[in-house]
Each structure stands twice: as C-alpha cells, then as structure tokens.
1. Here is a check on your reading of the model: is ASN227 outside any helix (DSSP H, G or I), at pLDDT 85 or above, open to solvent by 60 Å² or more (accessible area, probe 1.4 Å) and not hydrophobic (A, V, I, L, M, F, W, C)?
2. Being assigned to a loop (DSSP other than H, G, I, E, B) and polar (S, T, N, Q) is the requirement here; does THR260 meet it?
3. Here is a list of conditions, (1) under 25 Å from ASN435 (Cβ atoms); (2) free of Cβ contacts under 8 Å to residues at least 40 places away in the same chain; (3) open to solvent by 60 Å² or more (accessible area, probe 1.4 Å), and GLN311 meets all of them except one; can you say which number that is?
4. Kindly indicate whether any position in region 451-468 is modelled with pLDDT of 90 or more, surrounded by 18 or more Cβ atoms within 10 Å (Cβ to Cβ) and not in a helix (DSSP H, G or I).
5. How many residues does region 73-94 contain that are modelled with pLDDT of 80 or more and part of a helix (DSSP H, G or I)?
6. What pairs come out if I take residues in region 408-434 that are part of a helix (DSSP H, G or I) and pair them with residues that are of a type in the set (Asp, Glu) whose C-beta lies under 6 Å away, six or more apart or interchain?
7. Show the residue pairs that are 6+ apart or on different chains and have beta-carbon atoms under 6 Å apart, the first residue being within region 383-407 and more than 19 Å from LEU418 (Cα to Cα), the second being among the basic types (Lys, Arg).
8. Charged (D, E, K, R), open to solvent by 10 Å² or more (accessible area, probe 1.4 Å), over 22 Å from PHE451 (Cβ atoms) and touching a residue at least 12 places away in the same chain (Cβ under 8 Å): is that true of GLU356 in this structure?
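The values are calculated or read from the model by the stated rules, or taken from the named source; none is laboratory data. Predicted model, so just to flag it, every value in this text is computed and none were measured. Counting neighbours? That spans all protein chains shown, and the Cβs are built from the backbone with ideal geometry, glycine included. With ligands, DNA and RNA removed, areas are computed over all heavy atoms of the protein, side chains included. Shrake-Rupley method; radii C 1.70, N 1.55, O 1.52, S 1.80 Å.
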Amino acid sequence: RRSGQYTMNHDHSKKTPDGASFDRSGSQDSLDELSLDDYWKELENIHETRGNHHEERVALVVKEPDEGELEEEWLKEAGLSNLFGESSGDSLESMVFLSTLTRTQKAAVEKRVETVTQTMRKKNKQHQIPDVRDIFKLQNDSKGKICDGSEPSTARTSENRNETQDGTKGLKFSLGTDEQKNPLEDMPFSDTDINLEISFAEQAANLKDSSVGKMCKGGGGDTLLPNFRLPKDKTGTTKIGDLAPQDMKKVYSLALIELTALYDILGTEFKQQKAVKIKTKDSGLFGVPLSVLLEQDQKKVPGTKIPLIFQKLIAQIEEATLETEGLLRIPGVATRVKSLCQELETKFYEGTFNWENVKQHDAASLLKLFIRELPQPLLTVEYLKAFQDVQNLPTKKQQLQALNLLVLLLPEANRDTLKVLLEFLQRVIDHRDKNKMTLKNVAMVMAPNLFTFHGFGSKTVEQSEFVMAAGTANVMRFMIQYQKLLWTIPKFIVNQVRKQNTESQKKEKKDKAMKKLLKKMAYDREKHEKQEKTPNDADVRQGVIRVQAPHLSKVSMAVQLTEELKAGDIVARFLSQKSGNVQTLKKEEVFLYEIGGNIGERCLDDDTYMKDLYQLNPNAEWVIKSKQS
C-alpha cells in the first residue's frame, strides 16, 4: 500500500494499484478499476511532463500555523477582526453583522473567538480581551437564549434542536412571506430539492439525529448522481455576478462562516491552508499568477475576465471537433508539447504563433499544463484541502452545499476561469457517444490536474492515494454535473445581506454627526426626493412601481404590479416601445435591476415575480440596463 504522499515529488513508476491491497470502502462511491486506470495514467503523463519541464520549479510551501493563528486569520477573513486586539472597542459594524447570523453560524464564530481569546491570554497580550458571551449578549439582551454558552452545536440535545429551528425562524425576520412557517416542516422539499431558503448548517443540525438525515447518503451506485434541482424562488434566483461588489464582500464573509458552521455540525475539520509567499514570474503565460496574467491581458482586451491563452486553447480544441475519441485522455507528444509551450511564451502576445501546427491532443495537454503550472492552484491554496474534504461529508446534498459555498469563496479570477473550464468539460461530455468521454472519464482525467499540486498536502493527507483518487474524482464529477447550481447565491445568504443593509441604515440614521454630513452632501438630492415622494406614495398604495430605463427610448414607465407580473415582462414592455437606438439592444443583453433599499444592486432573472420581490424590498428603485453599463 502506498503512503499518503499526495504530491508529485515522489516516484510514480507503478501507477495502477494491485487492487487487492486497497480498502475500497473508504471512497464515497465504488469506482471501478477501469475508470481509475485513467486517473493513474493521467498522473503518469503529468509526472513525465514535469520530469522534463520546469525542473527548477520551486515547490509551494504550505505553512503549518501556530495555535490560535488559524482562528485569528479566519476571523479576519470573515471581517470580524475587530472582535479582538487593539480595535476591539470599535465593533459596531460587527455587531450589526453578528445580529444577522443564524444560531449555527454564531456557534462557529463563538468557537473561534474563544480559541483566539485563550491564545491571547496565554501569550499575555495586553489587549482588551472580550468575553465571547458578552459579544453575543450585546445584541441579544432581549433574546438571551441565542448564545447561552452551551457547547457550540456539536452536542445538541433534541430540546436544543427545536431552539435551532426557532433560531432559524427568528432569523427570517420580516424578509419575505414565509416568516410564519416552521422552515423544515412546512416546506415540501424532496430529497433532490436544494433548499436555499434555510441555512445549510441549520438544515444539517436539524437532520443530524432524525431519520431524514439517513436518506440520500453519499454511497450507492456511483454512476447515479441525484438529479438535484432548485425549486423556483418567486423573488428570483441570484447568480454570482448579479450583486454589486459591496454586497459580494458580505456574501464572502457569510459563506465562510456558513461553510465553517456546516463542517462543525458534520464533525469535519475545516482548515484554511496558508501559502508562504514564493517568487513568481511577473510576465509570460505558463507558471504566471492569474492576477498578473489578467492584468497583462486587459491591456490587450479591456474587461477580459479569463486569461487569453486559456480562452484560445479551449477554442483551439473545439475548432477541430469535440467528437475525437479519447479527447483530454490521450496526451499530446511530451517533447512537442514542451517546444509548443516555449514557442507560445515568445510568440503568443506578438500574434506570430502559428496555431495551424497545433494538434488537438497537444492543445488539450497545453490546457492541462496551464492549470497545473499556475503558481497557486486554481482552487487556491486556502481552499484546495476544503474542496478535497467535501468527499468526507455524509450526504451528497451536503457535499453539493459545501461546494456551493466554496465556489463563493474563490477569488473572482479563479472562479471565472473555473466556470469556463467546467462549461468546456460539459461540452466535451455532451459528445460522449462519439468521443467516449463520459462524465466519469472526464472527471478521472481532470482531477489530478486540479487536485495534485506540487509540494502541497503531503503532510496533511494521511490516506491512501487510492481513496484520494476516488474522492477527488468524485468532487470533480460534482463540480461538472452541478455547475449551474454551484454558481447560485443561496437565498438565505442574500436575505442576511439585506438584513445587514437594513440594520446598517438604521444605525446610520441614528448617528447625528453622520446625518449632518449627509445633509451637506445630499441637500439637493433630498430636495429632489421630497418632490418625488408624494406621487410615489400614491403609486405604492395602488401597487404601482416606477421603472427607469435611462438608456432606452422610453426613459420611465409606471408599472402596475399583479400576482403574475415577472421581471422579463417589464423588460419586454420597454423593448416593445421601438424607436431609435433600441434596435441595437437584444433582449438577452438587457436586465431589470433592483437597486437600493436593502440591497446594493441586484440583477433580476426574468422569472422574478415582481410583487413578491416588491414586498421583500419596498424601498428599492427599479432600473433597466445592460450588464456592462
């Protein structure tokens, strides 16, 4: 049995395990020998390429953090660093943030603050060290039970579980129409429905000891991935890219806390890794950080979000035909790939590289090489291990929920590049009848390229490579199969963002100094709003909203809300008012936006029921525009 080494720094001369000596029960699904062969062969190809390419490569060092350091880093990432240290007094914003958390999310924060506090006491740092319980009591005096110092979430009694349900109910505040329902009992969610309305960790806590939790386990026939779906949300599905940057920052913090809470409840350790900075190339194509690549690419193509070389290699593979048998599995000729790589480095940006000479299998090998050569993994050093650990979660639904949150945590450049890659892999699978590349085959071949990373993980992953191979290939399959679901922002997180915005606005109103400043800055605007106010109040009573469309010929329109009216209907109504420049805008380029009120800005999907959304955010303005403007 091979050791738990999971890096490419050791000899892979014998790739295929001898079968008998491996314990198969460790992997989530029994993956047959044949499909794992693809995995070992791919590792062999990688090893061969690496043997004669970039030998001088510096392995990325992953630093083992000191006690408390990890938790301190986590609190910083979650935007809660002012709960400790010198700035611990200045935590008004954090209080607003904490007041919107679910019970399980609070428990996760509490646990980390506790560790940091103890570490600080040990180190005898002369900071004001708050007591964890005080932090939560500050905004929960009226509901003293929320954080009663009981063991955070792990040792929950059935009595506590009911409180959790109440906690969830309490969280639903007055956002939307479901506030009276007991979230888990009244919602007819089936096993394959992904419930985005209630925190994933709260769902896990409620299901932990009940019989429901035993359904839909990770095991079972490996080829059958459940047909997970998102039940329709009347207030519209929010996709990554639909929200303004200031709200996305809040989404990031909430996703980090939620993922940690979910892992806590399920008894899986969630540790962000930390990379020690290494010197990286600051120009070129291969082995260059994504951010550097995009910076140089944006000079050539303003606004590009995906590295040009990455786009070009995918286009090159697709140009031939996706029906080629063994596409992505059959490697290009190693020596030829190496010389193409060097030639691309010198000629790609000059535009003198001759793409006609590039064979399809070579282009596929270059694409995989590009991913492997990134100085930090596409799934990032911080979260690569968390992506791998998804395989250890009890049910497929929980694995999917964790992946959804992990995608939200990726930096924008990594997330956009991953999305383009997964969409391309799906197109390859769509031609499986001809190219013989099924979901399982593609996952097997791509997993080593995304998950084996030079100098990474060997010390921390003490398990056989066989289990690792099966596990990471499964995570890869999930990412390809459910990519549309993974790019959705769960409604409970969007609702928490709305609540934070509402609370912050209340706090701002109370702050007189702020008021004076706002008065000076916005005197004219206020006057203008006062003039607007009266007719609008009349509109509101009759269920009428005013929609602005500054870029269209009809600039503004009063719209009567009905039960069935959707965002797409309003856009269509504006576009039907034909004249002048409207012809240049296609239906798929223009969207209705919800702006202000309790959200920064949100692009609405066409199926959003406007009356339901209006009830959720009555103070919003409604604007039609294209995604670019």
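1. Numbers: outside any helix (DSSP H, G or I): yes; at pLDDT 85 or above: yes; open to solvent by 60 Å² or more (accessible area, probe 1.4 Å): yes; not hydrophobic (A, V, I, L, M, F, W, C): yes.
In short, yes.
2. Numbers: assigned to a loop (DSSP other than H, G, I, E, B): no; polar (S, T, N, Q): yes.
Here the answer is no, as THR260 does not meet what is asked.
3. The one condition GLN311 does not meet is (2).
4. Step one: filter region 451-468 for residues modelled with pLDDT of 90 or more, giving none.
No, every residue in region 451-468 fails to be modelled with pLDDT of 90 or more, surrounded by 18 or more Cβ atoms within 10 Å (Cβ to Cβ) and not in a helix (DSSP H, G or I).
5. Initially, region 73-94 is screened for residues modelled with pLDDT of 80 or more, giving 73-80.
Those left that are additionally part of a helix (DSSP H, G or I): 73-77.
Number satisfying all stated conditions: 5.
6. Final answer for the pair search is LYS434/GLU323.
7. THR395/LYS217
8. Details: charged (D, E, K, R): yes; open to solvent by 10 Å² or more (accessible area, probe 1.4 Å): yes; over 22 Å from PHE451 (Cβ atoms): yes; touching a residue at least 12 places away in the same chain (Cβ under 8 Å): no.
So GLU356 does not fit the description; no.
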